1. Inside 10 Å of the C-beta atoms of A:377-386, what's the mean count of C-beta atoms belonging to other chains?
2. If you rank A:438, A:515 by fewest surrounding Cβ atoms within 10 Å, what's the result?
3. In the structure displayed, which of A:220/A:511; A:87/A:252; A:316/A:426 lie more than 27 Å apart, Cα to Cα?
4. Mind checking which helices in chain B clear 30 Å along their axis (Cα) and have mean Kyte-Doolittle hydropathy of -1.0 or more, DSSP H runs only?
5. Using the beta-carbon distance between residue A:424 and residue B:49 and R0 = 35 Å, what value does 1/(1 + (r/R0)^6) give for FRET efficiency, to the nearest 0.05?
6. Would you be so kind as to identify all helices of chain A, as entire DSSP H runs, whose Cα atoms reach 27 Å or more along the helix's own axis and whose mean Kyte-Doolittle hydropathy is at least 1.6?
7. Can you give me the distance in nm between label points at residue B:36 and residue A:284, each placed 7 Å from the Cα along the Cα-to-Cβ direction?
8. Which GluC sites (Glu not before Pro) in region A:136-214 sit in a loop by DSSP (not H, G, I, E or B) and have at most 11 other Cβ atoms within 10 Å of their own Cβ?
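None of the figures in this text is laboratory data; all of them are computed from the coordinates on show. All values reported here derive from a predicted model rather than from experimental measurement. Note that each Cβ is placed from the backbone with ideal geometry, even for glycine, and that neighbours are counted across all protein chains shown.
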Amino acid sequence: MPSVYQGIYSVHVTENIFIGPDDLTLEAQQYTSQKDDGDMDTRLKLRGITKRYPSVVANDAIDLTVLPGEIHSVLGENGAGKSTLMKIIYGSVKPDQGQVFWNGREVSIANPSAARDLGIAMVFQHFSLFDTLTVTENIALGLPKNTKLDELAKRIETTAKQYGLDLEPQRHVHTLSVGECQRVEIVRALLTKPQLLILDEPTSVLTPQAVERLFETLRKLASEGCSILYISHKLDEIRALCHTCTVMRGGKVTGTCDPTQETAAGLSRLMIGAEPPAIKHVERQPGATMLKVNNLSLAKSHPFATALSDICFELKAGEIVGIAGVSGNGQQELLAALSGEDPRADSAAIVLQDQPVGKMNAAGRRLRGLGFVPEERLGRGAVPDLSLAQNLLLSHQTSETVNRGFVRFNAISQIAANIIQRFKVKAGGPHATAGSLSGGNLQKYIVGREVMRDPKVLIVAQPTWGVDVGAAAQIRAELVALRDAGCALLVISEELDELFEISDRLLVIAKGRVSPSIKRADASIDQIGLWMSGLWEQPPAATTTAATPVEVSHA
Amino acid sequence: MLKLEPRTNPSVLMSWMSPVFAVLLTVLCGVALFLSLGKNPLEGLEVFFWEPISNLQGWAEVGVKVAPLLLIAVGLAVCYRANVFNIGAEGQLVLGAITGGWAALHLNESSTGGALMIALVLIAGMLGGMLWAAITTILRDRFNTSEILVSLMLVYVAQLLLSYLVHGVLMDPDGANFPQSKLLDDGFLLPIVVHGTRLHLGILMALLASGLGWLFLSKSFSGFKLQVGGMAPMAARYAGFSSRKSLWTSMMICGALAGLAGVCEVLGPVGQLTPTISPGYGFAAIIVAYVGRLHPIGVIFSSFIMALFYIGGELSQSRLGMPNAITGVFQGILLFSLLACDVLIHYKLSWRK
């Protein structure tokens, strides 16, 4: 690359060379026709990409090379800098330093539309679709005004069929399942004939069966020469799908490898610097029923909520019950109804230690032995601007902490200091603000805060979401220890592996309904995956052979 | 291009220095204003910042203005910390003046006053302010209306109501048809704190309110709940703190204090009901509350500054021939300077191409 081009060779020059989003007549020859000089061998090359934010270096001298037709995974924990790197490639974040080479030419990608003009497409973790519009209309929104809808519908159909994606262009988005919504996003990306497709954690909203179908599409796409950047922290998926794997940790690249040749433990070591310790699981005889949910039904509180219908289950002392499910199937609503944040349920629908509590607020239920760790740590489980000691008062509201209406500041500092010490929270002390802690440390503090209350029933949502592996293992061990001490635990998580690791029994939530419970020892990932589609009424024999499960409804 | 970039660690010191800088900026703008009007800026500053406090009488007059400003600002600080944006304290003040004044005029027919009578009248005033605040609160609580709009609109309703009353049933029959009530007997007026001045008991009540407000917000569990509701509503629901209770508590505290400020004006410097019982104390107190960092002790200092502006504004009319609007101009500059300084606590300016 002659240095004279550096910095001036912007996308505006290159957009005439490559196709734009409206120029959909060019076909796949793009993928093969332009190998004329040495650098052309690479589709995308990043050299020394650095992005600093006020508090953190998100990307520190990142090098990354993606070849044409390669499925390249970027593996890393939450906060490793994967998303920032993808945003830089997609033009929505500008790097402070470093060079980006696209098909051998240095480019500076000013914004996402420039990235699309180059042939870079991205499917985000969270969809940007309008529920009230059809598939075709949604896709047309990103295209020039003079696009004819009927022609576009045909193009959508052809493209979808070509890659084995079932999609009906006339359907309204609100009738689609989450998996189908993702297909809309993928087809939208494919219509621009991308040379590089970026997928950000695409499987977090999919059932295990839908994941397999997504992989088939991606393999086909790659075989035609389109490069794929696949962002994930799930080791098994990467080993099954990807050709190359770049591992990031703390904003740096810690290694590049062939994932098919590596063990999961090896990848994990690259990702977190250590192997996660295993949890010992001992069968125990559960005790008395502590929490009973009887035919809990709740109407939607807002149009995009999920209604709960006829939920029944029991939670006994000394057991961990896991609730699996694809996000948006009523987990939020169920948690709020159980915790007392949403006191609209029938009084008798939720029975806590033989006492109907459906209409009681969170403080009342807490006095009766309930503990709750919400999935949002900042703003719900803790107030970011308050100190850890003050945040203790959110759930510790007894005479120990409040005396005649006045806060006992010495007492709360002491308890907070104890939690910090016992749960190994890295914090500046009880007076550090909650917002100053990292996600994992704050989660340890919140779990510790609830454990210290010695609850009879503890409900935990996404216990290890966005938490580094070391802290996650510690949190899981604490939960198991609490179970062994006789507490009844309900854990809601989207990570199936985690539920299988710690639960005694499993439930599945789908479309606002909850499945019957199944012993963990009797459950298989396949079966739970099928149940996640809402199909638990089928005889179990059918589950092993069912090829095309109906998918989960999109909230 | 100039850009605002978020700071990693907003300085705590600067969040307290920001009001100081804002006052200094306001003074600078004042100098520019005086210069552009062809006045001697030094003379102008002297009128605003020295003359009001050059003697005991001046201090007392400042205290007379501080009393209502401080009472209301403490109430507003409680409201704003609970994220309840009550900007209608002026209306609550007027209602307090109406109910308190009415009670005083009524009682004055059969009594010559005394401590008990004054206490009754003060309570009547507080109830009036609470009643006015309750209208806003009920609408917000039951129908989720914006308390900003409702409380603001109720200010004008209250002012018109006062005007209607002093033009009608409460008008002094021997008052030559002036729109004002009878003068109250001395037994109904608030005791004077510093002999020979107009400084009345209201200033002590205001300082007491400030102390109690600090105790409530910083030490009590109810105050904690209220602030959690303001900072993170989801966390409040998680903790089981009632948002309705916070709304009602904060609005009632503010209504009572604003009503008290109103009735203290009637029983203090004014001595009767007139159509313009307040020179905008309820609105000025919003600025006072923010300049005082929504801290019940901090507002003591900011209400002092605001009182200086009021007196300086009056003096500059007679001494320098400045227009009546000068007080409002200074209030506005102070608020804008504060907002500008506050932005720079959390952001830094940088030049990027």
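1. 5
2. Numbers: A:438 16, A:515 21.
Ranking A:438, A:515 by Cβ neighbours within 10 Å, fewest first, gives A:438, A:515.
3. In this structure, A:220/A:511; A:316/A:426 lie more than 27 Å apart at Cα.
4. Result, helices passing both filters: B:12-36, B:56-81, B:115-143, B:243-265, B:298-320, B:326-346.
5. Once the sixth-power term is evaluated, E becomes 0.05.
6. none
7. 7.5 nm
8. Answer in residue order: no site qualifies.
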